[in-house]
Amino acid sequence: MVLDAQPDMTVVGEAGDGLAGVEGVAATRPDVVLMDIRMPRLDGVEATRRIQETEDPPKVLVLTTFDLDEYAFAALKAGAAGFLLKDAGPAELLAAIKAVHAGDAAMAPSTTRRMLERFVPQLPDGELEMAQAAERRAAAARLAPLTDREREVLEAVGRGLTNSEIAAELYLAEATVKTHIGRVLHKLDLRDRVQMVITAYETGLVGRPDQG
């Protein structure tokens, strides 16, 4: 009712489980999907992954209680554009849908960062040194296309800074920060700011919880 009441939004389909959701997306080709996590037949993580594997996929906005955010993090890894708390009010819901439709993240970067800090997996001590060396090599290759300034911007996004905060920290105009973010997204083939945060963690630009 909330969505259909908006002049610029139309609900084109609903589904009672994940598999029906995937099939419904294929049939209706929506712009945005509001995805639950725990569903019969197919959970929201796998449903998101399957949807993102289709041609020109819609943006997926995941619903979460924040107490089971290993699932929300997995959904982000699977291609979701962001997540929304289930107790969000109508105004927040509408704003989040519009944000992901416009190509932005649907949550504050700092919220994403807190979730990542909790759920980035840790390796056993005996495997840590070898894994870290491999990670450093992989990270160097992955970040090779970036300039030093673009790496600084990526690292700042990973720490949860807003564009204005990045501009102040790096002594740049906010428009310049937006330009650098666009270049990082293009060079690393990332979809949005959420994926920038995840990449900053995965490549070690931002330390994991045990690394400070």
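The values are calculated or read from the model by the stated rules, or taken from the named source; none is laboratory data. As the structure is a prediction and not an experimental result, all values here were calculated from the model. Because the Cβ atoms are built from the backbone with ideal geometry, glycine has one as well, and the counts that use them run over all protein chains shown. The accessibility values were calculated without ligands, DNA or RNA, using every heavy atom of the protein model including side chains. Shrake-Rupley method; radii C 1.70, N 1.55, O 1.52, S 1.80 Å.
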Could I have the simple spin-label model distance between Ala5 and Ala168, label points 7 Å from Cα toward Cβ, reported in nm to one decimal? 3.7 nm
Lys178 to Lys77: extension gain in nm, 0.36 nm per residue of separation minus the Cα-Cα distance? 34.0 nm
How much accessible area per residue does region 144-205 have, counting only protein heavy atoms and a probe of 1.4 Å, in square angstrom? 46 Å²
Taking 7 Å along the Cα-to-C-beta vector as the label spot, tell me the Thr54-Ala88 distance in nanometres, rounded to one decimal. 2.1 nm
